[in-house]
Amino acid sequence: MSACSIIPGGKSISAGTNGRQVPVVFDGLPQGLSGKANSALATDDAPPRSVLEARQRAGSAADTLEELLASEGYLAATVAPEMIESVDMRPRLDVSAGEMFRVTTVQMTVTGDLDDTVRADLETALKTIAPGAPARTSDIEALGDNLISKLKAGGYAFAESPAIDVLASRQDKTVELTYALQPGAFVRLGDMVGADPAFLDQKAINALQTWKRGDTYSPEKIDQLRTRLRSTGLYNAIGVEISRTPDADGFYPVTLTLAQGKLRSVGAGVTASTTDGVGADAFWERRNVTGAGDTIRIQSEVATIARNLTARYTRPNIGRFGRTFTAEAGVRDEETDAYDLQGVKVGASLSQPLNKNLTVSAGATLDATRIDELSLRSGIDARDQLTLSFPLTAIYSTVKQPLDPQAGNRAFVGVEPGVSVGDNTVGYTRILLTGSTYHKIADGPFVAAVRAELGAFVGSNSVPADRLFFAGGGGSVRGFEYQSLSPRDLNGDLIGGRSLFDLSTELRWRRSAKHGYVLFVDTGAAADSVDETFSDLRSSIGVGFRYYPGFGPIRIDIATPLDRRDGEDPVHFYISIGQSF
């Protein structure tokens, strides 16, 4: 019998050589291990310059191959390099793998007290390596990690395993495993300390805490705290540590080590298309204005069809974490083929996440507009209207990369009841539903993306024109002029629709770290009814190029209408930052 100890964290073996060369040849490997061996031995090194260097490399390769075999359960394997007489020789490794060692028993030793429920969980986990299973290092180490995870999930924050004892019999080709576990103290969480209340006030700090005093420790509570601290945008570095010394009540304080970040930021972007024109936007943001984690953001956009300036104040975590108050005021000027609009808007909303994926909000806005509609311009003055609305929204998202989604789903539901006062007083309700889904294809470089949007309007058309629906152009159906897939009056002038539908499908190919390509098909229309919308659907097809500078893709799309009609341009171009959806 012989004994040895396997310490978690041994060398891992990756798959695939990525075009690198394997500098040796070998015989005698067990079936199924050639790929792992090639990957472990592959190198970009230049050929050896001397026989001595060649022998040293061959010896190193033999050691690597022995380690690989041991990790797969061949604990008695030997690998010997043949004698090298010339640098022109490709070293040969003779492999004697022997029999695979198999596990006979799996047990644990526990130092200190342990809760009966947690002990039962550990006993169940030990059964994941059954008697007769191959003695693979990866399986043995994974079980050790699982045991520590179960201890920590049970409230033992300081749990550790100093080693895994392995008793191997070369004669019987068997292994007996013993996991030495040290649970440490059972931890109930106390106060959160270390944050500077002069920077972020104590009430705002307390809103970030994910436990009540005396709650049992769990890794999830601490991970959630880190996520909340990052979400404030106030810190460059975040450290969270459980004190090993309890307070007078026996609770363990949680110590924060926080490096404050910059409180001001600016940004800018540009867009261009043959349908929507050229545009530029910029913002200035000041965080933690009053010490409550609040933010002021001023944003402006200057484009061919729209200009706007908006100031927004955001106050997070009102009464509880995630409840956010937002107040906004802005002016805007729009010039489209359907209408010209000048407006001043003020509004406020309160939002609350119901879980990590779903957020709901309710608000009120007051919008004063002057609108000159193309269909009414013959001798009729612009209309002045005052619109009071109460937008209600729900947003669901499992997408982790907003600028370049790789997986997940997004959904938006917006219901806006309102009343507009002008030449006459009218009520309305505007409903908009949007959903998108993203799926990696076979874990490769391809992502399939689909987005659908459905809108409905109830009430009088005497509301401001921007409350109605328009289709066509970037963000809608590429390949068509802005708003061109919208209903028209008897004179052929564009008017807003009461129904909207558009659908976009994309196949995205990330060819390399910096470059990608897209194939897409867009379909959509706006009309006065659902039936007309679906009977008036138009489609386009296009290709796109993506450049990835590190913060999100720069998008260049080219689209052309299907079944192009007289007067429609054959091609339209779009340039922007981020994927189209």
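The values are calculated or read from the model by the stated rules, or taken from the named source; none is laboratory data. Keep in mind that this is a model prediction, so the values were computed, not measured. Counting neighbours? That spans all protein chains shown, and the Cβs are built from the backbone with ideal geometry, glycine included. Side chains included, ligands, DNA and RNA excluded: accessible areas come from the protein's heavy atoms. Shrake-Rupley method; radii C 1.70, N 1.55, O 1.52, S 1.80 Å.
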Odd one out for MET192 among (1) over 22 Å from SER243 (Cα atoms); (2) open to solvent by 20 Å² or more (accessible area, probe 1.4 Å); (3) assigned to a strand (DSSP E or B): (1)
So, first residue under 14 Å from THR210 (Cα atoms) in segment 221-236, second residue among the acidic types (Asp, Glu) and open to solvent by less than 80 Å² (accessible area, probe 1.4 Å), Cβ within less than 9 Å, six or more apart or across chains; the pairs are LYS221/ASP215
Among all residue pairs at least 6 apart or on different chains, which show Cβ distances below 9 Å where the first residue, located in segment 421-435, is at negative phi and the second is surrounded by fewer than 17 Cβ atoms within 10 Å (Cβ to Cβ) and among the acidic types (Asp, Glu)? GLY422/ASP384; ASP423/ASP384
Could you count how many residues in segment 415-442 are basic (Lys, Arg) and surrounded by fewer than 17 Cβ atoms within 10 Å (Cβ to Cβ)? 1
What about GLU506, is it assigned to a strand (DSSP E or B) and either open to solvent by less than 20 Å² (accessible area, probe 1.4 Å) or acidic (Asp, Glu) (or both)? yes
Would you mention how many residues in segment 198-233 are assigned to a loop (DSSP other than H, G, I, E, B), surrounded by 12 or more Cβ atoms within 10 Å (Cβ to Cβ) and not small (Gly, Ala, Ser)? 10
Out of (1) surrounded by fewer than 15 Cβ atoms within 10 Å (Cβ to Cβ); (2) in the same structural domain as ILE431 (by the TED database); (3) part of a strand (DSSP E or B), the odd one out for VAL344 is which? (2)
Does ASN236 satisfy the criteria of being at pLDDT below 95, more than 30 Å from ALA97 (Cα to Cα) and not in a helix (DSSP H, G or I)? yes
Out of all the residues in segment 74-115, which are in contact with a helix residue (DSSP H, G or I) (Cβ under 7 Å, 6 or more places away or on another chain) and on the phi > 0 side of the Ramachandran plot? none
Applying the selection to segment 76-120, what residues are in a loop (DSSP other than H, G, I, E, B), open to solvent by 40 Å² or more (accessible area, probe 1.4 Å) and over 30 Å from ARG55 (Cα atoms)? THR111, GLY112, ASP113, ASP115
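One line per residue, one yes/no per condition, for (1) touching a residue at least 40 places away in the same chain (Cβ under 8 Å); (2) within 45 Å of the chain's Cα centre (by Cα); (3) under 14 Å from VAL24 (Cα atoms):
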| position | (1), (2), (3) |
| --- | --- |
| ALA46 | no, yes, yes |
| ARG49 | no, no, no |
| ARG57 | no, yes, yes |
| ASP63 | no, yes, yes |
| GLU72 | yes, yes, no |
| THR78 | no, no, no |
| VAL87 | yes, no, yes |
| PRO91 | yes, no, yes |
| SER96 | yes, no, no |
Single match in VAL289, VAL254 (criterion: of a type outside the set (Phe, Trp, Tyr), under 20 Å from VAL187 (Cβ atoms) and either out of contact with any Ser or Thr (no Cβ under 6 Å at 6 or more places or on another chain) or surrounded by 16 or more Cβ atoms within 10 Å (Cβ to Cβ) (or both)): VAL254
Listed by range, strands (runs of 3 or more DSSP E) wholly within segment 534-581 having at least 1 residues that are buried (at least 17 other Cβ atoms within 10 Å of the Cβ) and aliphatic (A, V, I, L, M) are 554-561
Looking for something within 30 Å of GLY479 (Cα to Cα) and of a type in the set (A, V, I, L, M, F, W, C) - is there at least one such residue anywhere in segment 310-330? no
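So that you can scan it fast, the table gives a plain yes or no per residue for (1) among the acidic types (Asp, Glu); (2) free of Cβ contacts under 8 Å to residues at least 24 places away in the same chain; (3) open to solvent by 40 Å² or more (accessible area, probe 1.4 Å); (4) under 30 Å from ASP367 (Cα atoms):
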{"residue": "ALA407", "(1), (2), (3), (4)": "no, no, yes, no"}
{"residue": "VAL413", "(1), (2), (3), (4)": "no, yes, yes, yes"}
{"residue": "GLY444", "(1), (2), (3), (4)": "no, yes, no, no"}
{"residue": "ALA449", "(1), (2), (3), (4)": "no, no, no, no"}
{"residue": "ASN461", "(1), (2), (3), (4)": "no, no, yes, yes"}
